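Okay, so here's the structure we're looking at.
Here, each number is a calculation from the coordinates, and none is a lab measurement. The structure presented is a predicted model; accordingly, all values stated were derived computationally and were not measured. Positions of Cβ are generated from backbone atoms using ideal geometry, with glycine treated the same way; all protein chains shown enter the neighbour counts.
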Amino acid sequence: MAGPLRRGTRAPMAAVEEYAPRGLGQVVGQQLLALNVPGENKADKMRNVGLLLCAKSYLTMSGWDADWKEFRAVCIDQNCWDRANSNTHMSKSGFFKTVSAADGMVLNSSGVEAAETLLSQLILGEHAAVK
């Protein structure tokens, strides 16, 4: 198995590493709309959509960021879009450095860890939302 995808990565990325050579970044992008994103409520699902989109971005372009328009579109498809509270929910999560329609979203270090954990749980079939 290849080395970690990013410096300081712990065990959750092992599952991602195993599938990354097989084009997981593209699979995540194509299958995200079909995936039932875990979450107990709209805020949890929105946060998890953001984490997954940032993980997809890392796997395809090596950056932990996501476009706001894509985030909004996936949230609408996942039936978790809350226009009035989207910025508040995402900012309160503590996982994002930047959250805005103009700048998109960028993960901080705890967000990267949460995205890695969520992605590895989904790969391994564990549908537990990241808290």
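Most tightly packed first, judged by the mean number of other beta-carbon atoms within 10 Å of their residues, the peptides 41-52, 56-67, 109-120, 81-92 read 41-52, 109-120, 56-67, 81-92.
Ranking of Val37, Val106 by neighbouring Cβ atoms within 10 Å, starting from the fewest: Val106, Val37.
Hey, can you grab everything whose amide H is under 5 Å from the amide H of Phe96? Only 5+ residues off in sequence or another chain; H modelled, so Pro and N-termini drop out. Close amide H contacts, sequence-distant or interchain: Asn108. Whole-Hz Karplus values for segment 91-102 come out as 5, 5, 5, x, 9, 10, 6, 10, 9, 6, 5, 6 Hz, taken residue by residue from phi with 6.51 cos²θ - 1.76 cosθ + 1.60 and θ = phi - 60°; glycine and proline positions read x.
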